[in-house]
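The structure appears right after this line, and notes come after that.
The values are calculated or read from the model by the stated rules, or taken from the named source; none is laboratory data. Quick caveat: nothing in here was measured; it's all calculated off a predicted structure. Backbone-built Cβ (ideal geometry, glycine too); neighbour counts: all protein chains shown.
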């Protein structure tokens, strides 16, 4: 089971509606427009996890993490506040 899949099931167990987030295009909403999003990308030295909010095709980067556990906990925190 991938890290993203584990995060998805964790969020599902917490009752976070899938339409409220975008998770790498694999889980949650099928589009990232007007959603809090978390995506993985290859950085210079490691995998990075970028959290952003997108509206009207403009992406507002909130935070970039290099640790998936920190990124996923922060992502959940933002969705449950």
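Couple of notes before you dig in:
- The single condition among (1) in a loop (DSSP other than H, G, I, E, B); (2) loosely packed, with under 12 Cβ neighbours inside 10 Å that residue 69 does not satisfy is (1).
- In region 1-42, the residues that are part of a loop (DSSP other than H, G, I, E, B), touching a strand residue (DSSP E or B) at 6+ places or on another chain (Cβ under 6 Å), surrounded by 15 or more Cβ atoms within 10 Å (Cβ to Cβ) and touching a residue at least 12 places away in the same chain (Cβ under 8 Å): 24, 32, 35
- The set of residues from region 43-81 being in contact with a helix residue (DSSP H, G or I) (Cβ under 7 Å, 6 or more places away or on another chain), under 20 Å from residue 31 (Cα atoms) and free of Cβ contacts under 8 Å to residues at least 40 places away in the same chain comprises 49, 51, 63.
- Residue 74 surrounded by 14 or more Cβ atoms within 10 Å (Cβ to Cβ), over 19 Å from residue 6 (Cβ atoms) and at pLDDT 95 or above: no
- For residue 15, the requirement of being more than 11 Å from the chain's Cα centre (by Cα) and at positive phi is met.
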